[in-house]
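S.K.: Quick one: the structure is below, questions incoming.
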Amino acid sequence: MVLAACIAWTALLFGATVGAFFAALEMSGWISTLRGHETAIALLVPAAMLRVYAIAVRLGERRAVSELRLSRAPAELAAGAAIGFTFISLALLLLWGLGLYDVRLGTWRDPWHYFVFNAYISAVLEELAFRAILLRLSSATATGCWSPRRPPTIRPG
């Protein structure tokens, strides 16, 4: 019963996150009155989804949402950016070294658009979907330390 509840809870949170991803990219095309506000939608939908996640976890799992604490954000952002830059650079270097990728000097025409639509939406919602939802709940279920009626705990031993 606990496993079925965990799978349903994970599917619900993951589905909401995937829906938010597509909404952030396509909402202005779905609702004609929102045309021209693509950047605002792209900035607000992922932030709103973080809030929805926090409320859902607080109500559904009855625990504080410690993974979204703002006090930890600067250090985790800096560490994540450094690690991400390193891994992406190493992957591109490997592909270039194998002759599978061509590196050329280019120019950004609109860095703000690139940041919002390629980096921000993907980063926020991907982290939420995979790290916060799928990995946390699947590992908690596999170790037997999560129940929908009590918060996750670490069992000794």
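The values are calculated or read from the model by the stated rules, or taken from the named source; none is laboratory data. Predicted model only: the values in this text are computed from it and were never measured. Cβ placement follows ideal geometry from the backbone for every residue including glycine, while neighbour counts extend to all protein chains displayed.
S.K.: Please count how many residues of region 86-121 are more than 22 Å from ALA132 (Cβ to Cβ) and surrounded by fewer than 11 Cβ atoms within 10 Å (Cβ to Cβ).
M.R.: Of the residues in region 86-121, 18 are more than 22 Å from ALA132 (Cβ to Cβ) and surrounded by fewer than 11 Cβ atoms within 10 Å (Cβ to Cβ).
S.K.: Of all residues in region 4-47, count the ones that are part of a helix (DSSP H, G or I), touching a Ser or Thr at 6+ places or on another chain (Cβ under 7 Å) and either over 19 Å from ALA132 (Cβ atoms) or modelled with pLDDT of 80 or more (or both).
M.R.: Of the residues in region 4-47, 3 are part of a helix (DSSP H, G or I), touching a Ser or Thr at 6+ places or on another chain (Cβ under 7 Å) and either over 19 Å from ALA132 (Cβ atoms) or modelled with pLDDT of 80 or more (or both).
S.K.: Name the residue, out of VAL57, VAL18, that is of a type in the set (A, V, I, L, M, F, W, C), surrounded by 13 or more Cβ atoms within 10 Å (Cβ to Cβ) and under 17 Å from the mean Cα position of the chain (by Cα).
M.R.: After ruling out the rest, the residue left standing is VAL57.
S.K.: Can you tell me how many residues within region 50-67 are of a type in the set (S, T, N, Q) and either part of a loop (DSSP other than H, G, I, E, B) or modelled with pLDDT of 85 or more (or both)?
M.R.: 0
S.K.: For residues that are hydrophobic (A, V, I, L, M, F, W, C) and at pLDDT below 90, scanning just region 68-83, find the one that is surrounded by the most Cβ atoms within 10 Å (Cβ to Cβ).
M.R.: So, considering only residues that are hydrophobic (A, V, I, L, M, F, W, C) and at pLDDT below 90, the one surrounded by the most Cβ atoms within 10 Å (Cβ to Cβ) is LEU68.
S.K.: Still on this model: Is it fair to say ARG62 is free of Cβ contacts under 8 Å to residues at least 40 places away in the same chain and surrounded by 11 or more Cβ atoms within 10 Å (Cβ to Cβ)?
M.R.: no
S.K.: In this structure, does THR39 turn out to be surrounded by 13 or more Cβ atoms within 10 Å (Cβ to Cβ), under 13 Å from the mean Cα position of the chain (by Cα) and not hydrophobic (A, V, I, L, M, F, W, C)?
M.R.: no
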